[in-house]
Amino acid sequence: MIVIVQRHTGTEPAQERLVLPFDLRCRSRLRARLASGEEAGLFLERGSVLRGGDRLRGNDGRIVEVVAAPEQLIEVRTDDIALLARAAYHLGNRHMPVQIGAGWLRLAADSVLKTMLEGLGLEPAEIEGPFEPEAGAYAPGHQHGHSSALSKIHQYGQRA
């Protein structure tokens, strides 16, 4: 079993791939299987979220590329920016992870949320694909600043 305890920022090519859905990429402690079938144990910094394309270093020096697994998703598309913002607001109000693009939103498949989006006037489509939602509350360093006005509430970053 390969043990993975750190991210890798070098330029060496990956020798292995770790294909995971979003809910497992949010876990810092995980037992999984590499694409090759070999068992892997992840022991990463708590609160870290793995993104497709991230690279990790195994205890034996191997570089492992993280791949966002295809998942069942709902996608809504519209040119009506106000309607898209309303949908994003209602999904965020329910603490749902949402992936945001130019004129579209994606979220994990859910019949109740699909009905809600239809009620807002959108036409949700069921698709399969990788899910890379916004970091928001899932970003490292997220905390609700109850004790200090200087507490960091959200950590935003540029996406590649």
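List of remarks:
- Simple label model, 7 Å out from Cα along Cβ direction - MET116 to GLN72, nm: 1.9
- For GLN15 and ALA102, the difference between the fully extended length at 0.36 nm per residue and the C-alpha to C-alpha distance is 27.9 nm.
- Of the residues ALA102, ALA82, PHE131, the one whose Cα sits farthest towards the positive end of the charge dipole of region 70-137 is ALA82 (charges of +1 on Lys and Arg Cβ, -1 on Asp and Glu Cβ, taken about the Cα centre).
- Label-point gap, in nm, between ALA32 and ALA125 - each point 7 angstrom along Cα→Cβ: 2.8
- Debye log10 I(q)/I(0) for region 2-68, one point scatterer per Cα, at q = 0.15, 0.19, 0.26, 0.29 Å⁻¹: -0.37, -0.61, -1.26, -1.63
- Here is the size of region 70-137 from its Cα atoms: Rg then Dmax, 10.7, 29 Å.
- Per-peptide packing, taken as the mean over residues of other Cβ atoms within 10 Å, places 8-14, 85-91 in the sequence 85-91, 8-14 from highest down.
- Put a dot 7 Å past the Cα of PHE43, heading toward its Cβ, do the same for ILE63, and the two dots end up 2.4 nm apart.
Any read-out appearing in this document is the output of simple, stated calculations on the displayed coordinates, not a laboratory observation. All figures in this text were calculated on a predicted structure; none of them were measured in a lab. Methodologically, a virtual Cβ is constructed for each residue, glycine included, from the backbone with ideal geometry; neighbour enumeration extends over all protein chains shown.
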